[in-house]
Each structure stands twice: as C-alpha cells, then as structure tokens.
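Reading through the structure tokens given below for one structure.
The values are calculated or read from the model by the stated rules, or taken from the named source; none is laboratory data. A quick note: this is a predicted structure, and the numbers were derived from the prediction, not measured. When we count neighbours, we look across all protein chains shown, and the Cβ atoms used for this are built from the backbone with ideal geometry, even at glycine. What goes into the accessible areas is simple: the full protein's heavy atoms, side chains included, and nothing from ligands, DNA or RNA. Shrake-Rupley method; radii C 1.70, N 1.55, O 1.52, S 1.80 Å.
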Amino acid sequence: MKKLLSLPPNLVRTNDRGQTIFHQITGLSDKEYFCTCDPEGHRVGSGGGTAWLLGQAFGAEGGGADFDEWLSGEKRILIHAGGQSRRLPAYAPSGKILTPIPVFRWERGQRLAQDLLSLQLPLYERMMQMAPKGLNTMVVSGDVLVRTSQPLGPIPDADVVCYGLWLDASVAKNHGVFVSDRRTPQVLKRMLQKPSVGQLHELQKQHYYLTDIGVWLLSDRAVKLLMARCGFNSSLIT
C-alpha cells in the first residue's frame, strides 16, 4: 500500500546520494513512501494539493501507464503534512509528521522512537483494507492522531466517505463540520467551515452534525473528477 506525503520543501530536497532528506532521516523505503511538496510560493488548498500530489506521483512512477489504470492498480494513502508547524515550531524543520510521540501507558506495540507518522498509519491501513473495491485513495491530515476504542464499522460503497466525531459546538466551531438530515443521517447534506455556535445550535433542530477529523476516502471516479476540476490532464503529467 503506497503512502504519498506532501511535506515541507526542505524535507523533499535531495542529498548528494540522491535521497530526499525525508528518506535520509527516517530510513523508510522510497518504493513505499513517495514524497513531494506543494508548488513553492503558491497556496493550492487541500483539493489542489491532493491533485498535485497524485499528479507528481503518477509522473514519477506511472511509467507510461494510463492514469486510470495507475489509479485503480493500488490503494494509496495521501498525507498532507506540509504546514509550517506554527503551533509546534520546534518540529518545523523536520515536519510535523515526524513529531515524536511519547509511549502511551499500558499500550502494546509501541516503541520509544515512535513519531506521529508511525502511529497514524496502522489505523489508516486497516481502513483501506476494509474499503470496498473502487475506493483506492485515502486523504488524511498530517497533524491529527485518531485513536479508536471500538471495532471499525463497515465502509459504505460511495464516491466520497468522510469520517467525523460528535463534538460539542464550542469545539466544532473551529473546524469543518459535516451536516446531515436526521431522516438520512448517513448521507452528507452539506459541509460548513467554522460555523458559529449559534448556527450549530440552530442546525440541531432538524440535522445532525459531525466534526471533520481529516480522514476522507475517495473513489476512482471522485479522484478523476477532482483532477479534472484542478486542470490536470494525465497525458501532460511528467
């Protein structure tokens, strides 16, 4: 299962052996971990950043393949971790994805040298293994750690699957929020970005809302639509 990482520019520069600094620091395989950064000097957003990351990976490893075939040929986890770490400046040089995380008390399977990336991936890999055929792309935020206390539920066969948390309005107001009708709670009606507490309380009369935790699954059809909307032509990707 391939991991595609969008990182700070200093982490994707190469050393005298042709390795990226990320691969030099972590020792991870460049066959399993592809990394790049957003176009320097440009703000492309999450959608544009996802399209750019996929385009760069296809250009690097497509090998003349058709984009549709390349997309459906393997499951991929895309991690957006290119922020400036303004809230954690000590870890900005190495990137927030490599932030060291202390061992949790009474937990198994952890190690002293663990970081955010190594703790994130096992859950995401399990989710991708459970995903229906055609959902081959997962897009996640590189600055969250999602932990589960219950078994994972079945993943619906849809073009876009979003994960959220039930959180109080005082917390949800600072994040993206998924809104669904109480009669069809499994169907996304709309999404709000940092709604006010008043908006959320009004919504609860006829709707449910969940706070976006930065974990999205996309079908191949959804990915191709995203790429097209962002102006990518697979025949021109190099």
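Here are some notes:
- Scanning region 31-66 for residues that are within 16 Å of the chain's Cα centre (by Cα) and of a type in the set (A, V, I, L, M) gives Val44, Ala51, Leu53, Leu54, Ala57.
- Every pair of residues 6+ apart whose Cβ atoms lie under 7 Å, when the first sits in region 52-72 and is more than 15 Å from Glu32 (Cα to Cα) while the second is of a type in the set (S, T, N, Q) and part of a helix (DSSP H, G or I): Phe67/Ser234
- Filter result (at pLDDT 90 or above and outside any loop (DSSP other than H, G, I, E, B)) within region 26-46: Thr26, Tyr33, Phe34, Cys35, Thr36
- Here the condition is being surrounded by 17 or more Cβ atoms within 10 Å (Cβ to Cβ) and more than 30 Å from Trp70 (Cα to Cα); of Gly214, Gly164, Gly198, Gly176, it holds for Gly176 alone.
- Gln120 vs. criteria open to solvent by 30 Å² or more (accessible area, probe 1.4 Å) and either assigned to a loop (DSSP other than H, G, I, E, B) or over 18 Å from Val187 (Cβ atoms) (or both): no
- Subset of region 12-38 (residues that are out of contact with any Ser or Thr (no Cβ under 7 Å at 6 or more places or on another chain), buried (at least 18 other Cβ atoms within 10 Å of the Cβ) and among the aliphatic types (A, V, I, L, M)): Ile21
- Residue satisfying condition, being more than 21 Å from Glu32 (Cα to Cα) and not hydroxyl-bearing (Ser, Thr, Tyr), within set Asp115, Asp157: Asp157
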